[in-house]
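Take a look at the structure set out below.
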Amino acid sequence: MTNSDNVSDASAAFLAAVEALAGTLPNGFVGRGPDGALLAFTRSRIPALNGILSASAVPDTKEIGPLCDEAEAQAQQVPWSIRLRGEPDAEIVRIAAAHGLHTLTRQAFMLLPLEEERDVTKPQEPVSVRPLHEDEFETFATVLGAAFEAPPAILTSLYTPLVLGRPFVRAYLAEADGVPAAAGLAILTQGHAGLANIGTLPGYRRRGLGRAVTEALLRDARESGAHTAYLHSGEESEPFFQQAGFRTEESWSAFTA
């Protein structure tokens, strides 16, 4: 299998993960375009989890255009986005702008083969890391809300007890000094683990808690049969995940309002 195949497989697993997440929520919506692009709405306030996702190396404008019309009808006041592999062409930019999505950002798409042996850096001090149960959804939202400077209500509307209790969702919590201080989750689909929302409280950073959560998620994924982990990273967090062994394979583009 070539590296391009690995990226394509991970991209397809990412779409499957968002589809599973949206399909779990009572008010969620999922659909597919004729060439496999995903239209999914979790109806959360997170634009990246509402709208259109294409795993095609060359997105088809004839598919994206009609899906945008449907997305606009489905949005019902929630923010949404178009997320694509690679660099969008001028027609995609035009279509996005016609639907009010004028902001273009890019994120690294990073992969880590889970079958490779890795050196794991231990935390600088004792850290308790454990699976987070569905009835702790408010703790999860409180930690990540503070970590990402977001209202916890945004997270509780998405990571509900129903979602956190699904077998394909694995959430972990790290505690230091008896305080819930870091958290994160992975979604397992198609032999892949998609890591997301790994965050640490500001007062507990640079103590290895985020890395401990990351390693717990990777270990869980490996033991569950996943062969590859992937994630999307902003420029500021890319070095952190590189230290954990992830490699940037390509860039994704996202259009938001």
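The values are calculated or read from the model by the stated rules, or taken from the named source; none is laboratory data. Everything numeric here is computed off the predicted structure, so don't read it as measured data. Positions of Cβ are backbone-derived with ideal geometry, glycine not excepted, and every protein chain shown enters the neighbour counts. Each accessible area value is taken on the protein alone, full model and side chains, heavy atoms only, with ligands, DNA and RNA left out. Shrake-Rupley method; radii C 1.70, N 1.55, O 1.52, S 1.80 Å.
Just one of the listed residues (Ser253, Ser224, Ser233, Ser237) is farther than 18 Å from Pro126 by Cα, at pLDDT 95 or above, in contact with a helix residue (DSSP H, G or I) (Cβ under 7 Å, 6 or more places away or on another chain) and not hydrophobic (A, V, I, L, M, F, W, C), namely Ser233.
Counting the residues of the range 47-92 that are more than 26 Å from Ala153 (Cα to Cα) and not in a helix (DSSP H, G or I) gives 13. With respect to Ile64, is the statement that it is modelled with pLDDT of 95 or more and touching a Cys at 6+ places or on another chain (Cβ under 9 Å) true? When the stated conditions are applied, Ile64 does not pass them. Scan the range 79-92 for residues that are surrounded by 17 or more Cβ atoms within 10 Å (Cβ to Cβ) and more than 30 Å from Ser224 (Cα to Cα) and the total you get is 5.
When Ser44 is tested against the conditions (1) hydroxyl-bearing (Ser, Thr, Tyr); (2) assigned to a helix (DSSP H, G or I); (3) within 27 Å of Arg166 (Cα to Cα), the lone failure is (2). For the range 151-170, the criterion of being part of a strand (DSSP E or B) and either in contact with a strand residue (DSSP E or B) (Cβ under 6 Å, 6 or more places away or on another chain) or not acidic (Asp, Glu) (or both) is met by at least one residue. Give the residue that is nearest to Arg247 (Cα to Cα), with candidates limited to residues of the range 205-216 that are surrounded by fewer than 22 Cβ atoms within 10 Å (Cβ to Cβ) and in contact (Cβ under 8 Å) with a residue 12 or more places away in the chain. The qualifying residue nearest to Arg247 (Cα to Cα) is Glu215. Which of the residues that make up the range 93-134 are over 29 Å from Pro47 (Cβ atoms), part of a strand (DSSP E or B), modelled with pLDDT of 95 or more and open to solvent by less than 60 Å² (accessible area, probe 1.4 Å)? If the condition is that a residue be over 29 Å from Pro47 (Cβ atoms), part of a strand (DSSP E or B), modelled with pLDDT of 95 or more and open to solvent by less than 60 Å² (accessible area, probe 1.4 Å), then Pro113, Val129 are the ones that fit. Could you please find all residues in the range 6-28 being open to solvent by 10 Å² or more (accessible area, probe 1.4 Å), farther than 17 Å from Leu155 by Cβ and of a type in the set (S, T, N, Q)? Those that are open to solvent by 10 Å² or more (accessible area, probe 1.4 Å), farther than 17 Å from Leu155 by Cβ and of a type in the set (S, T, N, Q): Asn6, Ser8. Per this entry, Ala171 is not counted among residues that are of a type in the set (Gly, Ala, Ser), more than 16 Å from the chain's Cα centre (by Cα) and closer than 23 Å to Leu111 by Cα.
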